[in-house]
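This report refers to the structure that appears directly beneath it.
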């Protein structure tokens, strides 16, 4: 008769195969498993990142650093971590739009439905079925919880963290959404992936703002994705011209990775770009009030930054466009209720107007009292 070890091994293998089959059935492209103690260096690396201030204004990272750095601190009973990968590769190189200054560049991941909703729903279905089969507790996470999913994904063998700090897969390049399921069940673990970056530095050289102090390190304060999405208030003047027409996120370092040649475009229709979000015109986006913004970006992660921060980004793109046809629309935003919008309007117009026209415009704005807006006037040489 089989001994207890044999029975436990068979049970573990059966549950492992079950979760892999469920993953495939729900449309995930990759599913691999690791232990919660498989990322011992992650806590120190996170601490160094935060202590150097490279997290910028993302205070939630500092507040959750202990739980984020160690899965066992987040949940002491977890025995296995299942990491899922969903391909979202674009059909074309997303950097092509950067040569069209009248168009706005939206990061590939945000051109359709919010991936958090797509992945979370599927993980919950898998977790429910797995918990019933295994008689074990489960928790699922998608990016919004204090979980370091990229190190866990590397430990599980989905890929490795490249020099741009993002996950790179030999089969999907840099285009993978990640989600995880923590469980008290014992599952068979996979081997970690080794680093295949070699001497390549394509991602580092592609960054328009030099956001990588060194390979495998990032300073969020110089990252366009952070600046256009996470950062509130005015964006530092020295960063604005470097942003170009990127109004929500940046794909430059991801798109530059040579491993993308093995990636096929996403098969999930909800992740394929909506036509109107591929190359929206800056002129149109400048017209969006709050209601129109919410309607146009319904279901998209873009909506979470709010209309004011979004229009701030669009005004930077307008200022970088050199398109004087945008002057009239920018002027209409000079009386916007949002100080950050009014302030960025000043900057955009200072770039688009001739000196005498801008001086005449400034003469009409003498009653401005908000500090952020007054600071923009001072930067523009007025006041």
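The values are calculated or read from the model by the stated rules, or taken from the named source; none is laboratory data. For clarity, every value in this text was computed on a predicted model and none was experimentally measured. Cβ sites come from the backbone with ideal geometry, for glycine too, and all protein chains shown count toward neighbours.
Is at least one residue of the range 146-162 assigned by TED's automatic domain parsing to the domain that holds residue 79, modelled with pLDDT under 95 and over 30 Å from residue 8 (Cα atoms)? Checked against the condition, which is being assigned by TED's automatic domain parsing to the domain that holds residue 79, modelled with pLDDT under 95 and over 30 Å from residue 8 (Cα atoms), the range 146-162 yields at least one hit. Could you check residue 292 against (1) farther than 22 Å from residue 225 by Cβ; (2) not in a helix (DSSP H, G or I) and say which number it fails? All conditions pass for residue 292, except number (2).
Is it the case that some residue within the range 130-139 is in the same structural domain as residue 38 (by TED's automatic domain parsing), in a strand (DSSP E or B) and farther than 17 Å from residue 85 by Cβ? Within the range 130-139, one or more residues are in the same structural domain as residue 38 (by TED's automatic domain parsing), in a strand (DSSP E or B) and farther than 17 Å from residue 85 by Cβ.
Yes/no matrix, rows are residues, columns are (1) in contact with a strand residue (DSSP E or B) (Cβ under 6 Å, 6 or more places away or on another chain); (2) within 30 Å of residue 305 (Cα to Cα):
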| position | (1), (2) |
| --- | --- |
| 4 | no, no |
| 9 | no, no |
| 14 | no, no |
| 20 | yes, no |
| 58 | no, yes |
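Exactly one residue out of 69, 53, 96 is more than 27 Å from residue 273 (Cβ to Cβ), surrounded by fewer than 15 Cβ atoms within 10 Å (Cβ to Cβ) and under 21 Å from the mean Cα position of the chain (by Cα), and it is 53.
Please determine whether any residue of the range 86-100 is more than 30 Å from residue 212 (Cβ to Cβ) and out of contact with any helix residue (DSSP H, G or I) (no Cβ under 7 Å at 6 or more places or on another chain). I'd like the intermediate steps shown before the answer.
Taking the range 86-100 first, the residues more than 30 Å from residue 212 (Cβ to Cβ) are none.
No - not one qualifying residue is present in the range 86-100.
Just one of the listed residues (62, 38) is under 26 Å from the mean Cα position of the chain (by Cα), free of Cβ contacts under 8 Å to residues at least 60 places away in the same chain and surrounded by 12 or more Cβ atoms within 10 Å (Cβ to Cβ), namely 62. The residues in the range 217-239 that are surrounded by fewer than 18 Cβ atoms within 10 Å (Cβ to Cβ) and assigned to a loop (DSSP other than H, G, I, E, B) can be counted, and the count is 4. Restricting 352, 333 to those that are free of Cβ contacts under 8 Å to residues at least 40 places away in the same chain and closer than 21 Å to residue 102 by Cβ reduces the list to 352. Inside the range 180-210, residues that are in a loop (DSSP other than H, G, I, E, B) and closer than 28 Å to residue 38 by Cα make up a count of 18.
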